[in-house]
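Following this message is one structure expressed as structure tokens.
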Amino acid sequence: MIDERYLHDWSGTRYGQPLSLEKPGSVTSLAQWLKRCNEDGSPVALQGGRTGVSGGAAPGDGEHILSLENLREVISFDRQAGVIVVESGMILADVQALVEEEGWTLPLDLGSRGSCQIGGNAATNAGGCRVIKYGNMRNMVLGVEAVLADGSVIGPPNVLVKNNAGYSLTQLLVGSEGTLGVITKVALRLVPTPPVRLAALLAVAPQIGVDELLRCCRVGFGESLSAFEVMWPEYVEAALSEKADVRRLPEGFDGMRAVLIEVEGQSETAIGAQLEEVLSQLYDKNIVRDIVLPSSIKDGQALWAIRESVGEIQRDIRPYAGFDLGMPASQYDAFVTAARSNLESTGLPIKSYFFGHAGDGNLHAVIGPCPTDDVRACVEAALYDLLPAYTTTVTAEHGVGRKKKSMLGRARTQADIGAMIAIKRALDPKNILNPGRIFDL
Ligand SMILES: Cc1cc2nc3c(=O)[nH]c(=O)nc-3n(C[C@H](O)[C@H](O)[C@H](O)COP(=O)(O)OP(=O)(O)OC[C@H]3O[C@@H](n4cnc5c(N)ncnc54)[C@H](O)[C@@H]3O)c2cc1C
């Protein structure tokens, strides 16, 4: 019997009954097992921490699950250079904690940090809250080791910052969602830990676009700005009702879009003064209507808890439809208004929550409950039918997996998809690795 938790990812959707669960403890045994699967033409479902929301890690009928959870050793840590090589099953939070003890930071940060794995982060090219400053996972990965479908092992992971010797197989595997190879080791480029990190919550004045506030913060804070997260009022209200430990927000936040910003720097005095100066200008110019400036680390964490309540909000509207759109911040407000109007005209008894990593143009929405396929289709149409009028992608950070497969043609051309299929066929001719994810062959 395979434990129920291996049968789906965070979205909760099941796609069928797998045949077996394999948890190799070494790359050698993994490679031998995969070689046999390839010889038999047996399909394999790759699993990291199963916090993905695109259905990529969820096994289908007749698939063999390959879990990476037993590959979790640190291979090397160059404390001088700030480069760590870990096995792909290591949990993100564990790597973050380990390097921070030595004055280094892995700037990738997601709400799922306690469960997602470094291999899953690489396979999905994870984004998160600090992309505005540090880029996404792709920018932090120097190299990977991976087992290809036929059991051959490519690697060891590159650890050099500059290495132009041939094609970058690493960058091909990052974001390939388990369809081209099993990532077994990852070399990560770290940054020195910033001594000070301060957060603030801003109520955006009704007449101001999110993009205008973003521009002001980028100009005002420059390189110090490390996060810019937007939440529409319904999201903030739902988050506050979930988190008993978060104090109420001032009245100025009622009915307003809220933006959580974070700034980093070398000195508490300097960064505190910059924060105060820029925010008072924004207030005086009526760009923000109210501000919460935490007076302690605990207060700052409470502000982040509002943004990170998405898990609880989703739980209350399951089964929900999740959206991971990418668009310029200048289109956010018009898109959300149009989407809301479309949703309202469906007449469905649903709740919708809009939020996102606005600093890098990533707009999320969770909408539900969608108890039937018809309701889900109606909700998806309300948003996706708007896309041609906007400059969008259907997935900014979660990946295509199974759920966004039918949407791929809205974000990529037929020539793009044809090239992707040619690469897949070259590396996995029997289509055993995560078949039916990203596209059908
Ligand atoms: C509360 C919450 C907050 C989140 N916030 C963010 C966010 O801010 N930004 C963001 O980008 N995502 C976010 N996510 C989504 C998710 O956490 C990320 O996609 C994460 O990178 C997935 O890692 P995982 O180890 O759980 O992978 P899984 O879910 O197990 O797998 C994801 C995909 O990668 C493949 N895969 C996994 N491991 C490997 C491997 N070793 N080799 C090859 N392929 C592999 C799987 O087959 C699957 O296709 C969030 C999820 C939750 C639940």
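The values are calculated or read from the model by the stated rules, or taken from the named source; none is laboratory data. Owing to the predicted nature of the structure, the values given are computational and were not obtained by experimental measurement. Ideal geometry is used to build each Cβ from the backbone, glycine not excepted, and the neighbour counts take in all protein chains shown.
Listed residues 402, 437; which is closer than 30 Å to residue 334 by Cα, within 12 Å of the ligand (Cβ to nearest atom), within 24 Å of the chain's Cα centre (by Cα) and not in a strand (DSSP E or B)?
402
In addition: For the condition away from the ligand (no atom under 16 Å from the Cβ) and either closer than 18 Å to residue 139 by Cβ or in a loop (DSSP other than H, G, I, E, B) (or both), what is the one hit in 234, 223?
None of the others qualify; the one that does is 223.
Please count how many residues of region 160-187 are within 8 Å of the ligand (Cβ to nearest atom) and in a strand (DSSP E or B).
Number satisfying all stated conditions: 3.
Is there a residue in region 124-140 that is touching a residue at least 24 places away in the same chain (Cβ under 8 Å), touching a strand residue (DSSP E or B) at 6+ places or on another chain (Cβ under 6 Å), under 18 Å from residue 423 (Cα atoms) and surrounded by 23 or more Cβ atoms within 10 Å (Cβ to Cβ)?
no
How many residues are crowded, with 19+ Cβ neighbours inside 10 Å and either under 23 Å from residue 74 (Cβ atoms) or hydrophobic (A, V, I, L, M, F, W, C) (or both) if we restrict to region 18-30?
3
Turning to a different aspect of this structure: Given (1) modelled with pLDDT of 95 or more; (2) within 28 Å of the chain's Cα centre (by Cα), where does residue 10 come up short, assuming only one miss?
(1)
Would you mind stating whether residue 89 is assigned to a loop (DSSP other than H, G, I, E, B), in contact with an Asp or Glu (Cβ under 6 Å, 6 or more places away or on another chain) and within 11 Å of the ligand (Cβ to nearest atom)?
Yes, satisfied.
Under 27 Å from the mean Cα position of the chain (by Cα) and β-branched (Val, Ile, Thr) - does that describe any residue in region 15-27?
Yes, the conditions are met somewhere in region 15-27.
Moving to a separate point now. Somewhere in region 60-74, is a residue outside any loop (DSSP other than H, G, I, E, B) and either modelled with pLDDT under 95 or β-branched (Val, Ile, Thr) (or both)?
The answer is yes, given that some residue of region 60-74 is outside any loop (DSSP other than H, G, I, E, B) and either modelled with pLDDT under 95 or β-branched (Val, Ile, Thr) (or both).
If a residue must be away from the ligand (no atom under 14 Å from the Cβ), part of a helix (DSSP H, G or I) and not acidic (Asp, Glu), how many such residues does region 298-322 contain?
Number of matching residues: 5.
Here is a follow-up. When both residues are 6+ apart or on different chains and their Cβ atoms are under 7 Å apart, which pairs have a first residue that lies in region 332-343 and is assigned by TED's automatic domain parsing to the domain that holds residue 354, and a second that is among the aromatic types (Phe, Trp, Tyr)?
335/390; 336/232; 336/354
Which of the residues that make up region 297-320 are closer than 21 Å to residue 371 by Cβ, among the aliphatic types (A, V, I, L, M) and without any contact (Cβ under 8 Å) to a residue 60 or more places away in the chain?
Across region 297-320, the qualifying residue is only 317.
Please go through region 138-192 and give me each residue that is of a type in the set (Asp, Glu) and at positive phi, ordered by number.
Residue satisfying the conditions is 177 alone.
So which residues in region 92-116 are in a strand (DSSP E or B) and among the hydroxyl-bearing types (Ser, Thr, Tyr), if there are any at all?
105
Filter region 141-159 down to the residues that are over 18 Å from residue 421 (Cα atoms) and of a type in the set (A, V, I, L, M), then identify the one that is nearest to the ligand (Cβ to nearest atom).
Residue satisfying both the conditions and the ranking: 146.
Of the residues that make up region 97-110, is at least one crowded, with 20+ Cβ neighbours inside 10 Å, farther than 27 Å from residue 163 by Cα and within 8 Å of the ligand (Cβ to nearest atom)?
Yes, region 97-110 has at least one match.
Another question, if that's okay. I'd like the full set of residues that are without any contact (Cβ under 8 Å) to a residue 60 or more places away in the chain and among the hydrophobic types (A, V, I, L, M, F, W, C), limited to region 388-422.
389, 407, 408, 411, 415, 417, 419, 420, 421, 422
How do the pairs read when you match residues in region 274-295 that are not assigned by TED's automatic domain parsing to the domain that holds residue 202 with residues anywhere that are hydrophobic (A, V, I, L, M, F, W, C), using Cβ under 7 Å and keeping only pairs 6 or more apart or on different chains?
Within 7 Å, no pair qualifies.
A further question follows. Given 395, 372, which one is among the hydroxyl-bearing types (Ser, Thr, Tyr), within 24 Å of residue 60 (Cβ to Cβ) and within 15 Å of the ligand (Cβ to nearest atom)?
Criteria check complete, one pass: 395.
Scanning for something in a helix (DSSP H, G or I), among the aliphatic types (A, V, I, L, M) and not assigned by TED's automatic domain parsing to the domain that holds residue 357, does region 243-266 turn up at least one residue?
Looking for residues that are in a helix (DSSP H, G or I), among the aliphatic types (A, V, I, L, M) and not assigned by TED's automatic domain parsing to the domain that holds residue 357, one finds none in region 243-266, hence no.
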